[in-house]
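Visitor: Please find one structure pasted underneath; my questions will follow.
The values are calculated or read from the model by the stated rules, or taken from the named source; none is laboratory data. Since this is a predicted model, take the numbers as computed values, not measurements. Note that each Cβ is placed from the backbone with ideal geometry, even for glycine, and that neighbours are counted across all protein chains shown.
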């Protein structure tokens, strides 16, 4: 496996009036292509801030972040947007689907922001992504016509439609019941088995155990980083 993410001495300081909040305090982290990583920690531990920096949604206050051997901290806002569109798929707890737009149209949307993808076959690409997550018969349903699990599958299809090497999932099962959570995590496991790098933020240990590596954060530091051999993988 080759290196995908390299973070060195990253700090992030937010200014709240006269108060400085240190969200990240000199974090070092390397993630190789093809890894499945879970990040855990209590509220305020820095896990969401770290995810935002990895996803090029935010920039560090100091330190270095390389993604696909590119020094991201030196990029412009436009360059960071291009990295997100072409190389990173996002999945969120609240699905973040457009309410008045069909499943197919929701999944098509990232294609229109990808410079190298053909807009002519965007519907075909979106359909293939939805079929991959088991929703080939729900192409023209609106989000309110889908269950929570189905909406999250649409969100996963949207995340993978541009074939990015990295999938970032922020509490993707937080709004789902246990059975549906296991089904959604089975999709992430399959994507990882196909070579996708998956980084998952969760507060649920059962969900973290679908990953192969567990990072725990506290007060802006990584306090543990270990390989895990999870029985949850046997469910898939």
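Matching residues to (1) touching a residue at least 12 places away in the same chain (Cβ under 8 Å); (2) closer than 22 Å to residue 23 by Cα; (3) under 13 Å from the mean Cα position of the chain (by Cα):
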position: 167; (1), (2), (3): yes, no, yes
position: 171; (1), (2), (3): yes, yes, yes
position: 204; (1), (2), (3): yes, yes, no
position: 219; (1), (2), (3): yes, yes, no
position: 227; (1), (2), (3): yes, no, no
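Visitor: For the condition modelled with pLDDT under 95, closer than 19 Å to residue 199 by Cα and buried (at least 17 other Cβ atoms within 10 Å of the Cβ), what is the one hit in 48, 43, 69?
Guide: Numbers: 43 fails: buried (at least 17 other Cβ atoms within 10 Å of the Cβ); 69 fails: buried (at least 17 other Cβ atoms within 10 Å of the Cβ).
It is 48.
Visitor: Here is a further query. If I go through the stretch 131-164 residue by residue, how many of them are surrounded by fewer than 18 Cβ atoms within 10 Å (Cβ to Cβ), touching a helix residue (DSSP H, G or I) at 6+ places or on another chain (Cβ under 6 Å) and under 15 Å from residue 88 (Cβ atoms)?
Guide: Residues in the stretch 131-164 being surrounded by fewer than 18 Cβ atoms within 10 Å (Cβ to Cβ), touching a helix residue (DSSP H, G or I) at 6+ places or on another chain (Cβ under 6 Å) and under 15 Å from residue 88 (Cβ atoms): 0 in total.
Visitor: While we're looking at this one, here's another question. Provide a single number: the residues in the stretch 15-31 that are surrounded by 13 or more Cβ atoms within 10 Å (Cβ to Cβ) and free of Cβ contacts under 8 Å to residues at least 40 places away in the same chain.
Guide: Going through the stretch 15-31 one residue at a time, the tally reaches 1.
The rows are residues; the columns are (1) outside any helix (DSSP H, G or I); (2) within 25 Å of residue 46 (Cβ to Cβ).
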site	(1), (2)
183	no, no
188	no, yes
195	yes, no
211	yes, yes
216	yes, yes
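Visitor: Within the stretch 218-234, work out how many residues are farther than 25 Å from residue 8 by Cα and either part of a loop (DSSP other than H, G, I, E, B) or out of contact with any helix residue (DSSP H, G or I) (no Cβ under 8 Å at 6 or more places or on another chain) (or both).
Guide: So the count comes out to 4.
Visitor: Across the stretch 69-117, what is the number of residues that are closer than 22 Å to residue 32 by Cα, outside any helix (DSSP H, G or I) and over 16 Å from the mean Cα position of the chain (by Cα)?
Guide: 4
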